[in-house]
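Trainee: Can you keep this structure in mind? I'll have questions shortly.
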Amino acid sequence: MSLEQYQIKEKIFHPILAVGFINFVLIINLLIMSTTIFAKPSGVLMEFPSYREGISQGREITMMVTSENVIYVEGRVVTLNELKHFLAVGDFRRNTLILKVDPHASMGRVADILDLCRGIPGANVNVSTIL
């Protein structure tokens, strides 16, 4: 065997194939970029109650959510269903609902409570974190 049988090709890609490959990559890049621009982010659409500052005319009702996701209303432990019943029965038009949240509490639990407060007509809701 002689070395003459083995020849090294200098051009691996034909120029027409290279242009086609570049066009293919650019089209794929364009498709990926356009789908991410027009994609809607997934998530929950939430409408929060109105938050007003100032002096309340009625009494203040304090709700608290701890880091263990335990709900307290005026110092008494309640479940989410009991809180739902409490907010549905009461008249809170002149009262201020103060929601104190631990920074390590579940935001899902806080969202559930704010969703319950959304159904109260004319209620003032203040949210703060516990340090």
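Trainee: Collect the residues in the stretch 75-97 that are closer than 15 Å to residue 126 by Cα and charged (D, E, K, R), keeping them in residue-number order.
Mentor: 93, 94
Trainee: Please identify the pairs in which a residue from the stretch 104-131 that is among the charged types (D, E, K, R) has its Cβ atom under 9 Å from the Cβ atom of a residue that is surrounded by fewer than 14 Cβ atoms within 10 Å (Cβ to Cβ) and not in a helix (DSSP H, G or I), counting only partners at least 6 apart or on another chain.
Mentor: What qualifies is 115/46; 115/47; 115/48; 118/46; 118/47; 118/48.
Trainee: A follow-up question, please. Can you pull out every residue in the stretch 74-117 that is closer than 16 Å to residue 61 by Cβ and exposed (fewer than 14 other Cβ atoms within 10 Å of the Cβ)?
Mentor: Step one: filter the stretch 74-117 for residues closer than 16 Å to residue 61 by Cβ, giving 74-78, 82-101, 113-114, 116-117.
If the condition is that a residue be closer than 16 Å to residue 61 by Cβ and exposed (fewer than 14 other Cβ atoms within 10 Å of the Cβ), then 74, 75, 76, 77, 82, 85, 88, 89, 90, 91, 93, 94 are the ones that fit.
The numbers here are math on the coordinates, done by the rules we state, and not lab data. Here the structure is a predicted model, which means the values were calculated and not measured. Glycine also receives a Cβ, built like all others from the backbone with ideal geometry; neighbour counts cover every protein chain displayed.
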